[in-house]
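See structure below.
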Amino acid sequence: CNLTGWWENDLGSKMQVFKVGNDGTFSGEYHTAVSSAKKPIQLSPLIGSQHLDEDGQCTFGFTVNWKKFSDSTAVFVGQCFNDDDGKEVLHTSWLLREKVGSETDDWRATR
């Protein structure tokens, strides 16, 4: 699987992964199509790592810092698959940590 390039999810969010290094590290930009922030959505930096293997169905993870419009950070983990037509498809799960004002509110900070 080659993560380099543009990816789009079912909600219309887009991600561009720049070159993946020989050690599997990569960076890029993420433009989310959904947000609960009060500020307008902006392009956000991402940094990640890919597990390089021989069968092409790699696992990977990356962090997105929404610092330009939100007080939150998200982490994504996933795997790349080749579908029946040979198209590369990413399946991911994510966690988002939103800033809260106190330890008492910690219960509602992670989605």
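Out of (1) out of contact with any Asp or Glu (no Cβ under 8 Å at 6 or more places or on another chain); (2) modelled with pLDDT of 95 or more, the odd one out for Gly24 is which?
(2)
So how many residues does the stretch 62-82 have that are surrounded by 14 or more Cβ atoms within 10 Å (Cβ to Cβ) and either in contact with a helix residue (DSSP H, G or I) (Cβ under 6 Å, 6 or more places away or on another chain) or in a strand (DSSP E or B) (or both)? Can you show your working first?
Going residue by residue through the stretch 62-82, those that are surrounded by 14 or more Cβ atoms within 10 Å (Cβ to Cβ) are 62-66, 69-70, 72-81.
Restricting the remaining residues to those that are either in contact with a helix residue (DSSP H, G or I) (Cβ under 6 Å, 6 or more places away or on another chain) or in a strand (DSSP E or B) (or both) gives 62-65, 72-81.
Selection size over the stretch 62-82: 14.
Does Ser36 satisfy being open to solvent by 50 Å² or more (accessible area, probe 1.4 Å), farther than 22 Å from Val17 by Cβ and either in a loop (DSSP other than H, G, I, E, B) or not acidic (Asp, Glu) (or both)? Talk me through it step by step, then tell me what you get.
Values: open to solvent by 50 Å² or more (accessible area, probe 1.4 Å): yes; farther than 22 Å from Val17 by Cβ: yes; either in a loop (DSSP other than H, G, I, E, B) or not acidic (Asp, Glu) (or both): yes.
Yes.
For the stretch 102-110, state whether one or more residues are within 26 Å of Asn2 (Cβ to Cβ) and assigned to a strand (DSSP E or B). It would help to see each step written out before you state the result.
Initially, the stretch 102-110 is screened for residues within 26 Å of Asn2 (Cβ to Cβ), giving none.
So far as the stretch 102-110 goes, no, none of its residues is within 26 Å of Asn2 (Cβ to Cβ) and assigned to a strand (DSSP E or B).
Anything in the stretch 99-109 that is open to solvent by less than 60 Å² (accessible area, probe 1.4 Å) and of a type outside the set (Val, Ile, Thr)? List them, or say none.
Start the filter on the stretch 99-109 by keeping residues that are open to solvent by less than 60 Å² (accessible area, probe 1.4 Å), which leaves 100, 102, 105, 109.
Matches in the stretch 99-109: Ser102, Asp105, Ala109.
List pairs: first in the stretch 19-32 and closer than 15 Å to Asp53 by Cβ and open to solvent by less than 80 Å² (accessible area, probe 1.4 Å), second of a type outside the set (Lys, Arg) and outside any strand (DSSP E or B), Cβ under 9 Å, 6+ apart or cross-chain?
Partner pairs satisfying both residue conditions: Val20/Asn2; Val20/Leu3; Val20/Thr4; Val20/Leu52; Gly24/Leu52; Gly24/Cys58.
Just need a number here: residues in the stretch 32-49 that are more than 10 Å from Val64 (Cα to Cα) and at pLDDT 95 or above.
Residues meeting the conditions: 1.
Filter the stretch 51-61 down to the residues that are part of a strand (DSSP E or B) and of a type outside the set (Phe, Trp, Tyr), then identify the one that is modelled with the highest pLDDT.
Of the residues in the stretch 51-61, the ones part of a strand (DSSP E or B) are 51, 59-61.
Cutting the leftovers down to of a type outside the set (Phe, Trp, Tyr) gives us 51, 59, 61.
Numbers: His51: 92, Thr59: 95, Gly61: 98.
Residue satisfying both the conditions and the ranking: Gly61.
The values are calculated or read from the model by the stated rules, or taken from the named source; none is laboratory data. Since the model is a prediction, treat every value here as computed from it, not as a measurement. Glycine also receives a Cβ, built like all others from the backbone with ideal geometry; neighbour counts cover every protein chain displayed. Areas reflect the complete protein model, heavy atoms only, side chains present, ligands, DNA and RNA absent. Shrake-Rupley method; radii C 1.70, N 1.55, O 1.52, S 1.80 Å.
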